[in-house]
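The values are calculated or read from the model by the stated rules, or taken from the named source; none is laboratory data. Since we're looking at a predicted model, the values are computed, not measured. Note that each Cβ is placed from the backbone with ideal geometry, even for glycine, and that neighbours are counted across all protein chains shown.
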Amino acid sequence: MGRTRRAAGRRIDSLAKWLLKFRIIAIPARIIAGSSLAWSLVSRTDRIRTNRLKDKILKDTRPEHISIIMDGNRRFAWSREIETKVGHERGKEKLKQVMDWVLDLNIQYLSVYALSTENIKERSQEELNSLYELYTEGLNEMANDPKIHNMKVKVQAVGRLEMLPENVRNAIKNIEEKTSSYSDFLFTVCLAYGGREEIVDAVRKVADEHSKGEITLEEIDTKKISSKLYTANLPDPDLVIRTSGEERISNFLLWQIAYSELHFTDVHWPSFSKQDLYEAIDSYQSRRRRYGE
Ligand code: FPP
Ligand code: MG
């Protein structure tokens, strides 16, 4: 919404500047350009537009499982000349908001890419430490969030969790324990996650069963592999959203996205708005209508 509002604000500003050329309307034009009235008009229009889109998407079949590659925290920070750490913090806050929006749409499965195995290799220890702090904080906040309990949201983390420091693993254990009896919604955080690594781990489990004589070679099929993935307890994503302009999958849920719709948006993750989420779902629905299941 911020992006649209800024764009609309810029349009009003330039209209007002143009009006300023004519002396007779200089005063009202100055008032419009600097007024909170103009901003509230724009934000009201944005809200109405978002609510209309919500009504529209509620009339059609919603995706059952949305997966998000939350990208662009650092670019968000750099473009505002704020610390990288603050960009990630805003990203964490955004995730909590997006969870609310997804729950409000009654979408049962949400999974997010919060840290890749690649990130662990590439990022500085300082950045990783601040990210680990954020995951710990964010997961603990979620574990105490009444909404999680009222809506019966089960929360789980998947990935090579042994690569994570103890504080993060404790926060994961805590939230998984506190939400283990819930099944209305399932929220999956992919941490120290890599799609290829997940497939390798699944193949190892299958090979182990085969070597023990528990399954024959013929019994190894796509269903068998799926059942050994970290995500065995959730359906494949219907819609994958990636923010911040990159049009790549970057080792996220490689096996599971075979038939998913992909939606790329230019907004950085911390700026991702409700309107952006609804637009992604709207585009998913129109593609499904066009091409069928
Ligand atoms: C990608 O942006 C983002 C990350 C690597 C971290 C994402 C983490 C959060 C949103 C917090 C999640 C919190 C919980 C509780 C799971 P980037 O750093 O790659 O930014 P860039 O693409 O601009 O460089
Ligand atoms: Mg990135």
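Of the conditions (1) more than 10 Å from ligand 1 (Cβ to nearest atom); (2) in contact (Cβ under 8 Å) with a residue 12 or more places away in the chain, ILE69 fails just one. Which one is it?
(1)
Out of (1) of a type outside the set (Asp, Glu); (2) in a helix (DSSP H, G or I); (3) within 18 Å of the chain's Cα centre (by Cα), what's the single condition that is false for ILE66?
Only one criterion in (1) of a type outside the set (Asp, Glu); (2) in a helix (DSSP H, G or I); (3) within 18 Å of the chain's Cα centre (by Cα) is unmet by ILE66, namely (2).
Going by what's in this entry, would PHE272 be described as farther than 19 Å from LYS96 by Cβ and either surrounded by fewer than 20 Cβ atoms within 10 Å (Cβ to Cβ) or within 16 Å of ligand 2 (Cβ to nearest atom) (or both)?
Numbers: farther than 19 Å from LYS96 by Cβ: no; either surrounded by fewer than 20 Cβ atoms within 10 Å (Cβ to Cβ) or within 16 Å of ligand 2 (Cβ to nearest atom) (or both): yes.
Answer is no for this residue.
Being in a loop (DSSP other than H, G, I, E, B), over 22 Å from PHE187 (Cα atoms) and hydrophobic (A, V, I, L, M, F, W, C) is true for just one of VAL206, VAL267. Which residue is that?
VAL267
Can you name the residue in region 72-121 that is β-branched (Val, Ile, Thr), part of a helix (DSSP H, G or I) and over 22 Å from ASP236 (Cβ atoms) and is also farthest from ligand 2 (Cβ to nearest atom) among such residues? Outline the logic, then answer.
The first filter runs over region 72-121 and keeps only residues β-branched (Val, Ile, Thr), leaving 82, 84, 86, 98, 102, 107, 112, 117, 120.
The next check asks that each one be part of a helix (DSSP H, G or I); those that pass are 84, 86, 98, 102, 117, 120.
In the following step, the residues that additionally are over 22 Å from ASP236 (Cβ atoms) were identified as 84, 86, 120.
Numbers: THR84: 11, VAL86: 16, ILE120: 14 Å.
Filtering region 72-121 for residues that are β-branched (Val, Ile, Thr), part of a helix (DSSP H, G or I) and over 22 Å from ASP236 (Cβ atoms), the one farthest from ligand 2 (Cβ to nearest atom) comes out as VAL86.
Of everything in region 261-286, what is within 15 Å of ILE66 (Cα to Cα) and away from ligand 1 (no atom under 16 Å from the Cβ)? Give them in sequence order.
Selection gives GLU261, LEU262, HIS263, LYS274, TYR278, GLU279, ALA280, ILE281, ASP282, SER283, TYR284, GLN285.
Could you please let me know if ARG62 is at pLDDT 75 or above, at negative phi and out of contact with any helix residue (DSSP H, G or I) (no Cβ under 7 Å at 6 or more places or on another chain)?
no
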